[in-house]
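Here the structure is laid out as structure tokens; the discussion comes afterwards.
The values are calculated or read from the model by the stated rules, or taken from the named source; none is laboratory data. Keep in mind it's a predicted model, so treat the numbers as computed, not measured. Ideal geometry is used to build each Cβ from the backbone, glycine not excepted, and the neighbour counts take in all protein chains shown.
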Amino acid sequence: MTPREIPDSPSNLENGTPVMNKILATSLTLMLVLQQSAAGIAGSEWPAFRGENGTGLSTAKDVPTEWSADSNVAWKTAVEGNCNGSPVVSAGHVFVTSADKEGKERRLHCLDAASGKQLWVQTVSFDKVLPTHETNLYAGTTPAADGKRVVVWHASAGLYCYDFAGKELWNRQLGEFRHLWGYGTSPVIHDGKVILHTGPGKSVFIIALNPENGETLWKFDEPVEGDGEHNAEKKYMGSWSTPVIVELNGKQTVVCSMSTRVVGLDPKSGKLQWSCEGLRGDRGDLCYTSPVIAGDICVAMGGYQGPAIGFRMQGEGDITATGTLWRKTEGNPQRIGSAVVVDGLLYQVNAGPNTIQCIDPATGELKWQARSPGGAAFWSSIVVADGLLYSTDQKGGTLVFRPNAEKLERVAMNKLDEPTNSTPAIVDGQVFIRTFGNVYCIRKP
């Protein structure tokens, strides 16, 4: 969805005529209704990876904070497969991916959000067995939906679009994307465009497609060193980052972390607005996380204990020298899930060591660090709802905690005791979690 700006309300009605006052009062009432309606719609949708515009923020209220496999579970539906993709929710439908162990069948499942009933499943057959890592099997991406259609990226098997009844509308074969660690980027739908960061592999690009027919609207090619798996120094390389949509000073930008730099693209044309270097690390050129935005500051975090950078998204062309605020290269954890920003502070959960961190995005200063209460690594991203932060660890335990600048303020640790690498979706007071065997809907009684 396009970010909205709500006009200022008239504040002085004393000098108006009775008729004018009535018109203005009616307009104010209508505006309030529209604002409340818009908030309700936003709280009813989780249309892509990390929600609307990829921020990890939900407007849902009255969200459950405590549950287990036996309590506060509204429904549980079996969907097998070691899926790293996450659920999305749109117009009362839940979409998740799955695949067989060799990736020869890659599937999109549609469930009814109210009951968990599987409405349909669409399977794409693929005749090759491409390499991947044992922790990242062939359902590594999250779908994206817009209330009418849903798109799913099966990497070398193609990008597919369906309506909500399960009818295929179009598909695009964008090439072979071969990497020894597999694939994991997810599409987003924004302002009448399907935007996808492809790769990793020899050919890496960000492409915008017409959601009506799949036709290319623009394409941005990212230079690739080496063979797409290893750079010129024979070190690992690749990006699994999903783009986020940023609006700053009335200007929208598609921001995506690549293997060595962060790029900002014009969403209308795909033209490069700016780029910032700094993700190249001693162990390779790697990025798993999505960019995190704090006002005009972008924070990007490299993978495999690579560098983390913070910079201001100002200027044009290469803004590395003028925009970089900080760059941390030593002592970084393994970061796979993406962070969130709440009240000006960045909160991050890590895959190894299994820690939670609070960081100042303007300086990179570590405010505090704590061990995971569940004792497991986090591959999921943090999401925020009703003033609380939620993140699910690899054992299926969801940590709920409050934003706090001084310490980890734990609210609950909720265990499902099923492995998962997925990020929760929070919609209408409900938490949707995808494990390796099931999809859960968590709801208060």
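Just a few scattered comments:
- Per the listing Ser338, Ser275, the residue uniquely under 21 Å from Gln369 (Cβ atoms), surrounded by 19 or more Cβ atoms within 10 Å (Cβ to Cβ) and in contact (Cβ under 8 Å) with a residue 12 or more places away in the chain is Ser338.
- Failed item, numbered, when Arg178 is tested on (1) more than 19 Å from Cys287 (Cα to Cα); (2) of a type in the set (Lys, Arg); (3) surrounded by 17 or more Cβ atoms within 10 Å (Cβ to Cβ): (1)
- Just one of the listed residues (Gly166, Gly214) is in contact with a Cys (Cβ under 9 Å, 6 or more places away or on another chain) and over 26 Å from Asp266 (Cβ atoms), namely Gly166.
- Any hit, the range 317-332, residues being under 21 Å from the mean Cα position of the chain (by Cα) and more than 21 Å from Pro187 (Cβ to Cβ): no
- Among the numbered conditions (1) buried (at least 20 other Cβ atoms within 10 Å of the Cβ); (2) assigned to a loop (DSSP other than H, G, I, E, B), the only one that Gln348 does not meet is (2).
- Scan of the range 128-154 for residues that are among the hydrophobic types (A, V, I, L, M, F, W, C), modelled with pLDDT of 95 or more and not in a strand (DSSP E or B), ordered by number: none
- Some residue of the range 269-282 being under 16 Å from Ser241 (Cα atoms) and in a loop (DSSP other than H, G, I, E, B): yes
- Note on the range 177-213: residues that are assigned to a loop (DSSP other than H, G, I, E, B) and among the hydrophobic types (A, V, I, L, M, F, W, C) amount to 3.
- Of the listed requirements (1) surrounded by fewer than 20 Cβ atoms within 10 Å (Cβ to Cβ); (2) out of contact with any Pro (no Cβ under 6 Å at 6 or more places or on another chain), Lys444 misses just one: (2).
- Every condition in (1) touching a strand residue (DSSP E or B) at 6+ places or on another chain (Cβ under 8 Å); (2) farther than 16 Å from Ala362 by Cα is met by Asp282 except one, and the failing one is (1).
- Boolean, Thr253 is out of contact with any Phe, Trp or Tyr (no Cβ under 7 Å at 6 or more places or on another chain), surrounded by 22 or more Cβ atoms within 10 Å (Cβ to Cβ) and among the hydroxyl-bearing types (Ser, Thr, Tyr): no
- Of all residues making up the range 245-268, the number that are among the small types (Gly, Ala, Ser), under 21 Å from Ser381 (Cα atoms) and not in a loop (DSSP other than H, G, I, E, B): 1
- Members of the range 214-244 found to be surrounded by fewer than 16 Cβ atoms within 10 Å (Cβ to Cβ) and not in a loop (DSSP other than H, G, I, E, B), listed by number: Thr216, Lys219, Asp221
- Taken over the range 161-197, the criterion of being of a type in the set (Ser, Thr, Tyr), touching a Pro at 6+ places or on another chain (Cβ under 9 Å), at pLDDT 95 or above and over 22 Å from Thr253 (Cα atoms) is satisfied by no residue.
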